[in-house]
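What follows is a single structure, written as structure tokens, with notes after it.
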Amino acid sequence: MEFGPSKNFTHNEFYLIGFSSLKEYRRLLFIPFCVLFIFAVTANSALVTIISKQRTLHSPMYVLICFIACVDICVPVCVVPRMLFSFATGINVWPRTLCLIQMFLVHYACSFQSTILFGMAVDRYFAICTPLRYNNVMNFMNCMIITGVIICRNTIIITAMIALVGTLRFCSSNVIYHIHCEHQLVVTLAVPCEDTTKNYIAGLVSFCVPTIDCVGIAFSYITIFVVISRSAAGESRSKAISTCTTHLIVICITYFASMVAFLAYRIQADISPDVRVLISLTYLLVPGICNPIIYGIRTKELRVHLIKMFQFNKVVSAS
């Protein structure tokens, strides 16, 4: 007679039960998260629209801001609608195939966050430290080559990571205390059934991507501020400091949220499951909410066009 879970059996669906301890009050979460979701998608869509339509904003820096806005749209779209559906209906089941697709989309989109921020740091490095070489280095062809390499790198790493998850058998539990299929939690479910060493290695490799980007960002901005500190005071220096400060605020928000979320699920501490889920949601939603506000307030060119767009919409609606 065989006891315990059968390793030949695998679950074909998962139950995502984040915030289940709230019981009947769980439905009340629909409204605040729906409002945050609509704001994040609307604000970032406005940034994408303005940058894509205004030829004066087709410089590398603004194109990278546009890419950040696209990521800040994709991540909530991949997570929040299913979560809101679960809050409204109480249906928590999620087919395995859709879980893997969601996992791929979320991790793939997030893999570009730090890379784009690194691209911004490199752009500012050449603009401030070697301005005479800026147009030669940051030309269209070089940008396309670098973009292609980055896309290939992230695609290979994330595809391999998710493909390894797809080969796992889940013969024990299929309950995930979360609101989306997070790689670490899904792999943990397979531990009683299979050796998941290769999955943890793949997850570590994917974590190396933002780590390497972070080192590059730190080096770029340290060099930039050394150059700025040695330059004469003036309008160009003030503008450089303002631009770099804006980018650093966005970088700090993104990396702080991601590190807190990463540590919350790996450090054995007395943290309730609901708090862990909330921390993870903070990582997924806060950058998308804060970034358009920061760029809209601190970047003059974007602020002017945003005001014009909203004024135009008011005139059209009034007429």
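Just so it is clear, none of the values below were taken in a lab; they were calculated from the coordinates. Keep in mind that what you see is a predicted model, and the values were worked out from it rather than measured. Quick reminder, even Gly has a Cβ in these numbers, built from the backbone with ideal geometry, and neighbours come from all protein chains shown.
For a quick protection proxy, order the peptides 40-50, 212-222 by their average other-Cβ count within 10 Å, most packed first.
So the order, starting with the most tightly packed, is 40-50, 212-222.
For the pair VAL175/LYS308, report the inter-label distance in nm, with labels modelled 7 Å from Cα in the Cβ direction.
5.7
How far apart, in nm, are two points set 7 Å out from the Cα along the Cα-to-Cβ line at THR197 and at LEU22?
About 4.2 nm, to one decimal.
Compare the peptides 107-115, 150-158 by average per-residue count of other Cβ atoms within 10 angstrom and give them in order, highest first.
Highest mean packing first, the order is 107-115, 150-158.
If the only charges are +1 at each Lys and Arg Cβ and -1 at each Asp and Glu Cβ, what is the size of the charge dipole of the chain around the Cα centre, to the nearest 20 debye?
Rounded to the nearest 20 debye, it is 940 debye.
Under 17 Å Cα to Cα from LYS198, which aspartates and glutamates show up? Leave out anything in the same chain fewer than 8 places away.
Within the straight-line cut-off, LYS198 pairs with GLU182.
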